[in-house]
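Please read the structure below before turning to the comments.
The values are calculated or read from the model by the stated rules, or taken from the named source; none is laboratory data. Quick caveat: nothing in here was measured; it's all calculated off a predicted structure. With ideal geometry, Cβ positions are generated from the backbone for all residues, glycine too; neighbour counts draw on all protein chains shown. These area figures cover heavy atoms from the full protein model, side chains too; ligands, DNA and RNA do not enter into them. Shrake-Rupley method; radii C 1.70, N 1.55, O 1.52, S 1.80 Å.
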Amino acid sequence: MIERMAYALKNEIISVRNQLHMTPETDFNEVKTAGFIRKKLDEYNIPYFIAAQTGTVALIKGKNQDKTVLLRADIDGLPINDESDFPIKSEKKGYMHACGHDIHTACLLGAAKILNNIKDTLEGNVKLVFQPAEEGAGGALPMINEGIMENPHVDGAFALHVEPLEETGNIQIKDGPIMASPDDFEIIVNGVGGHGAYPEQSINPLTICAEILQKYHNISLKYHLPCVVTICSINGGNCRNVIPDNAVMTGTARSLDSQTRKKLMELLENISYETAKKYNTEIDFNFNILFPPVINHTDMNNIVKRSADKLKCINNIVILQNPSMAGDDFSYFGELVPSAYFRLGIGNVKKGVVHAIHSPKFLADENAFPIGSAIMAQIAVDFLETFSK
């Protein structure tokens with residue numbers, strides 16, 4: 001029944017996605033996006049409230065109130081110029097839905113319509129969370145801090161993310177860590193400037209940056225840590241024959257568990273200070289702690305698998321062997337309740353859907369959209385039936 005309802009909504013889901021795709025917005029500025037979502041919820045006669053400025057939380061009450069499941073879609077775009085072959089382009093130059101959050105939102109709105117139509121059969125409540133700022137400051141924690149996990153209390157949470165490198169009709173899932181903590185850092189290296197012809201009279205901050213970079217590059221091998229450390233920028237100087245007084249390095253440090261995360265922070269700081277000391281100078285080290293890693297709960301993954309098995313539109317459940325070192329603040333929901341985060345294949349080589357997320361050429365196979373709505377709706381039904389007993 002759910003699958004049939006999802007395919008009956010296919011054109012509507014595509015239309016919703018297309019509308020959202022034209023108006024990408026970022027970091028709590030998703031005003032048009034939030035307005036569009038709320039207009040659709042009004043149309044579906046689903047009550048909602050506002051949280052974290054541009055976030056929206058809708059509630060579908062089932063035939064009993066014992067359990068509540070949360071379904072999340074992130075709604076923000078990226079500051080990337082649209083270079084795709086998609087005929088419907090972003091109306092905002094320099095901004096684009098290059099990570100598929102417009103698809104997440106369209107799929108969740110489709111699931112919302114399905115679940116609202118069968119609410120008298122639901123063994124509990126469904127909270128639909130349309131979350132801002134996943135790509136930047138993070139909207140999950142502000143929404144949680146405003147109380148969205150209560151009234152009614154949430155017992156489990158699920159989210160999907162599109163994957164254009166996986167074929168349409170497949171989903172990807174993994175027990176345990178599936179996404180990393182995407183922390184970042186800044187190192188200000190204070191040197192002593194001078195003439196490029198006489199480096200012995202200066203302390204070249206760029207030399208120090210280069211040494212720190214090399215040492216960071218070997219961290220995972222030297223200390224046998226499941227982590228990624230990448231220097232993404234080095235800025236210093238603006239003249240070919242002048243050694244600058246200082247330079248600034250920035251980068252990202254990603255890990256999959258709290259112990260590795262703590263060890264990594266200590267290593268990065270110690271290496272940078274020790275290197276600066278070697279050159280008889282000082283640095284300012286600033287580590288920015290962002291989202292925790294996304295950890296999937298086995299029982300929640302089993303619900304996703306069971307729901308997928310019920311849908312003929314899902315061909316394969318791909319069990320991932322390795323986690324992604326990207327991050328997602330859905331992890332904050334998973335710290336509070338059992339949760340599962342899985343990927344929806346939207347790839348299609350024949351249609352040219354072969355570009356990774358965050359690519360300016362990002363595309364999606366629209367045949368995947370009703371699958372996304374169907375699996376999210378089916379997961380809600382199956383969770384409530386399983387845990388209301």
Let's test the formula: R0 of 51 Å, r as the Cβ-Cβ distance of L336 and A210. What FRET efficiency results, to the nearest 0.05? 0.75
May I ask what percent, to the nearest 5, of DSSP beta bridges between residues of the chain are antiparallel? 65
In units of 2.2 N^0.38 Å, what is the alpha-carbon radius of gyration of the chain? 1.10
Per-residue accessible area for K39 at 1.4 Å probe radius, Å² rounded to 10? 140
Mind checking which lysines have their C-alpha under 17 Å from K10, skipping anything on the same chain fewer than 8 residues away? K40, K113, K312
Mind checking the dipole of segment 51-173: about its Cα centre, +1 per Lys or Arg Cβ, -1 per Asp or Glu Cβ, Debye to the nearest 20? 540
Beyond 24 Å (Cα-Cα) in this structure, taken from K32/K310; K222/K263; K39/K310; K92/K127; K215/K278, we find K32/K310; K39/K310; K92/K127
Tell me, what is the 1.4 Å probe accessible area of C232, in Å² to the nearest 10? 90
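Between V242 and L221, what length comes free when the chain is fully extended (0.36 nm per residue of separation minus the Cα-Cα distance, one decimal in nm)?
4.0 nm
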Calculate what fraction, in whole %, of the accessible area of the chain sits on carbon and sulfur atoms when a 1.4 Å probe is rolled over the protein chains. 50
Compute the FRET efficiency between V354 and E200 as 1/(1 + (r/R0)^6), taking r as their Cβ-Cβ distance and R0 = 51 Å, and round to the nearest 0.05. 0.45
Residues of type aspartates and glutamates that K61 reaches as a straight line, Cα spacing below 13 Å, ignoring anything fewer than 8 places off in the same chain: D120, E123
Mean separation of Cα contacts under 8 Å (6+ apart) over length of segment 268-389, as relative contact order %: 26
Provide the FRET efficiency to the nearest 0.05 for the K278-E91 pair, computing r from the beta carbons and using R0 = 56 Å. 0.60
Here the gain from full extension of E150 to E186, 0.36 nm per residue of separation minus their alpha-carbon distance, amounts to 9.3 nm
The Rg/Rh figure for segment 75-198, Cα atoms and Kirkwood Rh, to two decimals is 1.12
Rank these by accessible area, largest first, 1.4 Å probe: Y279, Y341, Y7. Y7, Y279, Y341
Taking only C-alpha pairs under 8 Å that are 6+ residues apart, what is the relative contact order of segment 201-279 in percent? 33
Extreme residue, positive dipole direction of the chain, given options F369, A276, N241 (C-beta unit charges): F369
So how do 71-81, 295-305, 260-270 stack up, highest first, on mean other-Cβ count within 10 Å? 71-81, 295-305, 260-270
With the contact rule set at Cα under 8 Å and sequence spacing of 6 or more, what percent relative contact order holds for the chain? 25
Shape call for segment 1-152 from the C-alpha gyration tensor, a ≥ b ≥ c root eigenvalues: rounded (a/c under 1.5), prolate (a/b greater than b/c) or oblate? oblate
